[in-house]
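Just so it is clear, none of the values below were taken in a lab; they were calculated from the coordinates. Note that the structure is predicted; figures quoted are calculated from it, not measured. Don't worry about glycine lacking a Cβ; one is built from the backbone with ideal geometry, like all the others, and counts go over all protein chains shown.
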Amino acid sequence: MGDNQPNNTNEIEPAADTLLVLNIHNNRIELVKGIDKEGNLQRVPPENKKDNDQLIRVDKHGDVFSNFFSNFYRQLKNPTHFNFFKVSQYDAVDTAKDLQQYVNQASPEEKGQLKEYEILPKNNNPLKNQKTMENNTEHQEYRFQPEQIDWKTMEKFGLTQEKLEKMNAMDPLLRGYKTNTLIPITINLGAAVSKMDVRLSLQEGDTGDIGIKLHGIRREPNLNLKFLGHEFSEEDKKNLMENGNMGRVVDLVNPKTDEIIPSIISRDRLTNELVAYRAEYMKIPDEIKGIKLDEHQKQTLLEGKPLYLEGMTSTKGTFFDATVQFNADKRYVEFIFDNSQKNQQSQSQKDSDQQNQNYDQNQNKNTEPPRVFRDKELDEKQYEKFKAGETVYVSGLVDSKGKEYKGYITFNKETSKTDFSFTNPNMLREKAQPSESHKTQTAVNTDGKTNEATKNIKEPLQSKQQEAANKQQQEQQKKPARSRGRKM
């Protein structure tokens, strides 16, 4: 009979810990079952007693739990959407109910006090610039580690860890996102080598291995086909092509589990790939560029709709108005800029610049010369000469140190500016006019005219040359010039 009795009837199961989770979007407390293959958190309501035996159980030993939770946290998609608490498995249900009651009645300040009891993973930051990130929990929440990446496959695409780090691509990859920019890769097909630009992301396979996914550039998304069970309306197509966001929450179907998931859809503007994002994961900030959002505005963004905000403050301190909207590809609220409006503003600016240029030119033509130069007022005689474009001598000028000086001024009608010279009143004119020697040289070499001192010299005259320069030219100059007869 004893053999038919259960073996563990009198054996006490060792105590273990489990996890409670607070979803910061809906303030709901649930118990943690685990993580699915896609990195989504599996949760159980405390009221569902039949599933309580499937909860995560971890040894109470500190190092064991710490290591477990660090690995658990890295595998989780969107970990910042949840707050985790460690409790005894025996008290988990009651603690979850009590905590839910507390959250329902707590003020924002009281909810903030829960941070003291929240558990966080050990700082296991793999990047080199760790010192600049040690106070930034956003950069500590990595889903993957560099050593998990198949670098042999990466090398086939011409990629290395060092190269990706230099391109600032490692951080989004390790956090489970696509790279922020297009990455140039090389695909060697043996007989042919193909080069292309793609966005990269990491994905966990069914066997737990981490693979690389290439997001190639499409000419345009195919909006005539269903996307995860959703059929696009004409308004959906227009929104996706114009600003990249569909603008509403729709029910999508998970092709693996047939689960219906309320989601938003956006178009990757770099690759034209369609991207879906769970509505429950959407995180709306309390404030955008100095504008605090009310509940109605937050709800508008949570529904995937665009929201126009006025009076925002830029980083330069200037005020501006713009439309904001949640983007499924970027996973945050972005600014939407109207290209047609930008083009109109650009054209208006060009027209304004042209008008200002024409106005300035007309102003220059009509501008009267100033009567005062460097605090020295010209008398009537000086001003008349100055106005006529002649050079005027001015004395009694005082520099910044109080020392007197004198010089010559000329009014430039083209620029409406006053030109000043200390010594030579005609310096500017002389620079612009050719010298007498240059005139002689040009007349002889180009115009074929005769200079008596060089008329028999055959080769072209050198710069400023007005007579024979050497013995050869002197002999040539002594010879009588040949008469040029006319052929009959």
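Fewest-first ordering of His215, His296 by other beta carbons within 10 Å of each residue's beta carbon gives His296, His215.
Converting phi to 3J(HN,Hα) with the Karplus coefficients 6.51, -1.76 and 1.60 and the offset θ = phi - 60°, the range 258-269 yields 6, 6, 8, 10, x, 8, 10, 10, 9, 9, 5, 6 Hz in sequence order, with x at every glycine or proline.
In this structure, the pairs whose alpha-carbon distance is over 30 Å, taken from Lys238/Lys316; Lys166/Lys330; Lys97/Lys330; Lys283/Lys316; Lys163/Lys283; Lys195/Lys238, are Lys238/Lys316; Lys97/Lys330; Lys163/Lys283; Lys195/Lys238. For Ser107, Ser201, the sequence from fewest to most other C-beta atoms within 10 Å is Ser107, Ser201. In sequence order, the range 173-183 has phi-based couplings of 5, 5, 8, x, 9, 7, 4, 6, 10, 6, 10 Hz under the Karplus curve 6.51 cos²θ - 1.76 cosθ + 1.60, θ = phi - 60°, and Gly or Pro positions carry x. Beta bridges from DSSP with both residues in the range 144-216: antiparallel share about 95 percent, rounded to the nearest 5.
Computed from label points 7 Å out along Cα-Cβ, the spacing between Asn254 and Lys381 is 10.0 nm.
In this structure the amide hydrogen of Gly247, modeled in the peptide plane, comes within under 5 Å of the amide hydrogens of Ile265, none closer than 5 places in sequence on its chain. Sorting the segments 157-166, 261-270 by their residues' average number of neighbouring beta-carbon atoms within 10 angstrom, most packed first, yields 261-270, 157-166. Put simply, the amide H of Lys417, placed in the peptide plane, has neighbours under 5 Å in Asn412, leaving out anything fewer than 5 places away on its chain. Taking θ as phi - 60° and the Karplus parameters 6.51, -1.76 and 1.60, the scalar couplings of the range 295-306 work out to 5, 5, 5, 4, 5, 4, 5, 5, 8, x, 7, x Hz in sequence order, x denoting glycine and proline. Taking amide H atoms as placed 1.01 Å from N in the peptide plane, the amide H of Asn180 has no partner under 5 Å among residues 5 or more positions away or on other chains.
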